[in-house]
Amino acid sequence: MKRSGPVYLAVSSRQRQFEALTRAHAGDLYRFAYWLCGQDALAQDLVQETLLRAWKSLDALREAESAKPWLLTILRREHARLHERKALDTVELEDNLAEDAAWASPERHGDAAELREAMSRLPHKYREPLLLQVLGGMSCDEIAAELDQQPGTVMTQLFRARQKLKSILQGGRPEAQHGLP
């Protein structure tokens with residue numbers, strides 16, 4: 001039997017919810033992933049893995065307002081899994097492609113590159129809360145819950161992270177700022 005007219009595929013509400021989630025947060029996820037790993041292709045892979053895990057456990061998301069912290073948590077865990085496996089053998093393409101403007105990322109040049117390099121010099125215990133706050137848009141309470149720490153501890157880490165970052169950007173060593181550990 002031949003059908004006439006357009007054929008419409010039924011799109012589930014779950015799929016619509018996921019598509020809206022992806023549209024709203026994919027850019028933030030990529031920026032956070034890029035800051036974590038420093039490689040475009042790897043950041044894209046991390047985002048894809050994050051979205052795949054999010055799709056599989058979409059029913060665990062209870063409130064739309066908690067979507068971004070939920071996704072950032074998944075991304076952080078994917079990044080940690082990547083380091084646990086250590087089976088990933090990446091080839092550094094930046095050296096070969098430095099002259100190719102089509103491959104150049106604005107984050108690899110100028111002030112953004114300087115900031116990225118300075119942040120990479122921060123100790124992990126300061127860098128991670130700062131990234132969650134600045135790139136993830138998370139509050140101190142959300143960061144504390146994410147990192148399983150007290151809010152006061154997170155506030156101290158954020159303060160020290162900013163002081164150390166300021167020192168690095170001004171040409172100093174991060175450890176020399178106000179005797180901070």
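The values are calculated or read from the model by the stated rules, or taken from the named source; none is laboratory data. Just so it is clear, the model here is predicted, and its values are computed rather than measured. When we count neighbours, we look across all protein chains shown, and the Cβ atoms used for this are built from the backbone with ideal geometry, even at glycine.
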Checklist (1) of a type in the set (Phe, Trp, Tyr); (2) modelled with pLDDT of 80 or more; (3) surrounded by fewer than 16 Cβ atoms within 10 Å (Cβ to Cβ) applied to TRP103, failing item: (2)
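Do we have any residue at all in the stretch 75-91 that's at pLDDT 80 or above, under 30 Å from GLN170 (Cβ atoms) and crowded, with 18+ Cβ neighbours inside 10 Å?
Yes, the stretch 75-91 contains a residue that is at pLDDT 80 or above, under 30 Å from GLN170 (Cβ atoms) and crowded, with 18+ Cβ neighbours inside 10 Å.
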Residue list for the stretch 128-160, restricted to those being farther than 23 Å from HIS25 by Cβ and among the polar types (S, T, N, Q): GLN149, GLN150, THR153, THR156, GLN157
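Taking the conditions exactly as written (charged (D, E, K, R), at pLDDT below 85 and part of a helix (DSSP H, G or I)), does ASP59 satisfy them or not?
yes
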